[in-house]
Amino acid sequence: MEYSPILHNLHVVPSSHVKNKLFVFCIMLSLWVYMIYCCVGYCSTMPNLTYGSVSRRHQNDAEVDNQESSLGASRDLLNNENDLDSRGEEWDEIRGDAKTLDDNAMSGFLNESESKKLPQAIIIGVKKGGTRALLEFLRLHPDIRAVGAEPHFFDRNYDKGLTWYRELMPKSSDGQLTMEKTPSYYVTKEVPARIYTMSKDIKLIVVVRDPVTRAISDYTQTRSKKPDIPSFESLTFKNMSAGLIDTTWSAVQIGMYAKHLERWLQYFPMEQLLFVSGERLISDPAGEMARVQDFLGLRRVVTEKHFHFNPAKGFPCLKRPEGNSKPHCLGKTKGRTHPNIDPEVVQRLRDFYKPFNSKFYQMTGHDFGWD
C-alpha cells in the first residue's frame, strides 16, 4: 500500500489527544485522592470533646476514689487526732466545682509546655478557720492552679515521696502558681521541717479564727457525724469543778496558735507566712483577698465584683462578674448551726486562750480582736 501522510496524521493526532486527557485525568485523580487522605488523617487527630469531657469526669472520679483509699479512714477527733477537715463532705463541693476547674484547664488545653510542679505556696491551716473558702476564692484567679482535695502529704503520706506528691498537683504553665491546702499541717510537729526540706522559699498561708468559735465549730462538725459523742462542756475540761482545760483535746489544742507558730518560725521567717483572718474573710472577702494576692505576688484579679453575700448561709458566695449565672456557694456542710454552749464554759475558754492570743498578736504584729 502506498504511504499517505494525510492518513498518518489523522491516526496520530487523535491518539496523542487521548493520551493527554488520560494524563490530566490521572493527575487530577491523584490530587483528589491525596486531599481525601489528608482530610481523613486530620479528622482522626482532632480531639473528641464529647468523649474527652466524659472520660475526664470518670478520671476525676477515679482519682477521688484512689485518694480516698490512700488517705485512709476519717480519724476520731475525740482521740486527739486531726480529722480530715470534712474531706468526705468536701468531695461533693469539689465535684460541683468541675466547671471552674474545666475553665482553668481549658485555658492551657493546647499549651504543651504545661507540667505538674511541686507547690510554691501552701495553705497550712487551720481547721475550721476558713481554709476551704480561701482556696475556692483563690481558684478564681487565672494564675493559680490548686488541687481541690487535701493531699495530707507532709503529715500522713510523707513516706510516699515527692514524686507521688507532685503527681497529685494539677498541670500548670510557667506563669502559674501551684497550690494545695491541708489544715492539719499547722499543728503537726514534723511538718515544718519536711516542707523546709522541699522548699526553703515556699509561701505559707494560715487562716485563723477566734479559737473559741473555732473549737465549737470543730465540735459541731464531729457531732454531725457522731451524734452520740459527749457534750462540748464535758470534753473541754479535765476537771470541770476545778476549771482545768483539757489541752490534749485537739479541738482546744488547735486554737493555741502561738504555740504552733513557734515551731514554724524555727524554719521560716515571718515574711514567708501570711495570717488571714477567718472573720474578715466573711465580712470583707475582697479586702482579705487583696492581701493574699499581694503576698503571693499576683495581680489583684479577685475583687469585690466576685462576691455576693448570702444572708441565709451567713457567708459570701462566688459569682462570675461577666455573667448572669447564679452565685456559687460552698456546700450544705458549711454554715452549720452551732449548739448552745454554757456561757460559763465559753468564758473559761476565753480566759484560757487570752495569753495565747496576746502572744500570737505580738508575734504576727496583728490584733485579730478575739478578746
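The values are calculated or read from the model by the stated rules, or taken from the named source; none is laboratory data. All values reported here derive from a predicted model rather than from experimental measurement. As a convention, Cβ positions derive from the backbone with ideal geometry for all residues, glycine included, and neighbour counts pool all protein chains shown. Protein only, heavy atoms only, side chains kept; ligands, DNA and RNA dropped before computing areas. Shrake-Rupley method; radii C 1.70, N 1.55, O 1.52, S 1.80 Å.
Per-residue answers, yes or no, for (1) out of contact with any Asp or Glu (no Cβ under 7 Å at 6 or more places or on another chain); (2) at pLDDT 95 or above; (3) part of a loop (DSSP other than H, G, I, E, B):
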site: Pro316; (1), (2), (3): yes, no, no
site: Arg320; (1), (2), (3): yes, no, yes
site: Asn324; (1), (2), (3): yes, no, yes
site: Lys332; (1), (2), (3): yes, no, yes
site: His338; (1), (2), (3): yes, no, yes
site: Phe352; (1), (2), (3): yes, yes, no
site: Asn357; (1), (2), (3): no, yes, no
site: Phe368; (1), (2), (3): yes, yes, yes
site: Asp371; (1), (2), (3): yes, no, yes
> Identify, please: which residue in the stretch 147-168 is closer than 16 Å to Ser184 by Cβ and part of a loop (DSSP other than H, G, I, E, B) and is, among those, farthest from the chain's Cα centre (by Cα)?
Replying inline: Asn157
> Can you spot a residue in the stretch 261-277 that is more than 25 Å from the chain's Cα centre (by Cα) and either farther than 20 Å from Gln120 by Cα or modelled with pLDDT under 95 (or both)?
Replying inline: yes
> Looking at the stretch 232-246, is at least one residue acidic (Asp, Glu), farther than 19 Å from Ser358 by Cβ and at pLDDT 95 or above?
Replying inline: yes
>> Criterion first (open to solvent by 50 Å² or more (accessible area, probe 1.4 Å) and either small (Gly, Ala, Ser) or touching a Cys at 6+ places or on another chain (Cβ under 9 Å) (or both)) does Gly175 satisfy it?
In response: yes
>> For the stretch 116-146, give me each residue that is of a type in the set (Lys, Arg) and in a helix (DSSP H, G or I).
In response: Arg132
>> Can you find a residue that is touching an Asp or Glu at 6+ places or on another chain (Cβ under 8 Å), of a type in the set (A, V, I, L, M) and part of a loop (DSSP other than H, G, I, E, B) anywhere in the stretch 228-239?
In response: no
> Is it true that Asp218 is acidic (Asp, Glu), surrounded by 21 or more Cβ atoms within 10 Å (Cβ to Cβ) and either part of a loop (DSSP other than H, G, I, E, B) or modelled with pLDDT of 95 or more (or both)?
Replying inline: yes
> Among the residues of the stretch 359-371 satisfying the criterion of being surrounded by fewer than 16 Cβ atoms within 10 Å (Cβ to Cβ) and either among the basic types (Lys, Arg) or within 14 Å of Arg209 (Cα to Cα) (or both), which is farthest from the chain's Cα centre (by Cα)?
Replying inline: Asp371
> Restricting to the stretch 240-266, what's the tally of residues that are touching a residue at least 60 places away in the same chain (Cβ under 8 Å) and not in a helix (DSSP H, G or I)?
Replying inline: 9
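Out of the residues in the stretch 267-291 that are in a helix (DSSP H, G or I) and open to solvent by 60 Å² or more (accessible area, probe 1.4 Å), state the one that is farthest from Pro316 (Cα to Cα).
Top of the filtered list is Glu271.
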> Does Gly175 qualify as being in a loop (DSSP other than H, G, I, E, B), in contact with a strand residue (DSSP E or B) (Cβ under 9 Å, 6 or more places away or on another chain) and modelled with pLDDT under 95?
Replying inline: no
>> Quick test for you: out of Arg166, Arg156, pick the one residue that is open to solvent by 10 Å² or more (accessible area, probe 1.4 Å) and touching a residue at least 60 places away in the same chain (Cβ under 8 Å).
In response: Arg156
>> Checking Glu136 against (1) among the acidic types (Asp, Glu); (2) modelled with pLDDT under 95; (3) open to solvent by 30 Å² or more (accessible area, probe 1.4 Å), only one condition comes out false. Which one?
In response: (3)
> Taking the stretch 197-215 as the search range and keeping residues that are surrounded by fewer than 19 Cβ atoms within 10 Å (Cβ to Cβ) and over 21 Å from the mean Cα position of the chain (by Cα), which one is nearest to Leu273 (Cα to Cα)?
Replying inline: Lys200
> In the stretch 246-260, what residues are more than 26 Å from the chain's Cα centre (by Cα), buried (at least 17 other Cβ atoms within 10 Å of the Cβ) and β-branched (Val, Ile, Thr)?
Replying inline: Val252
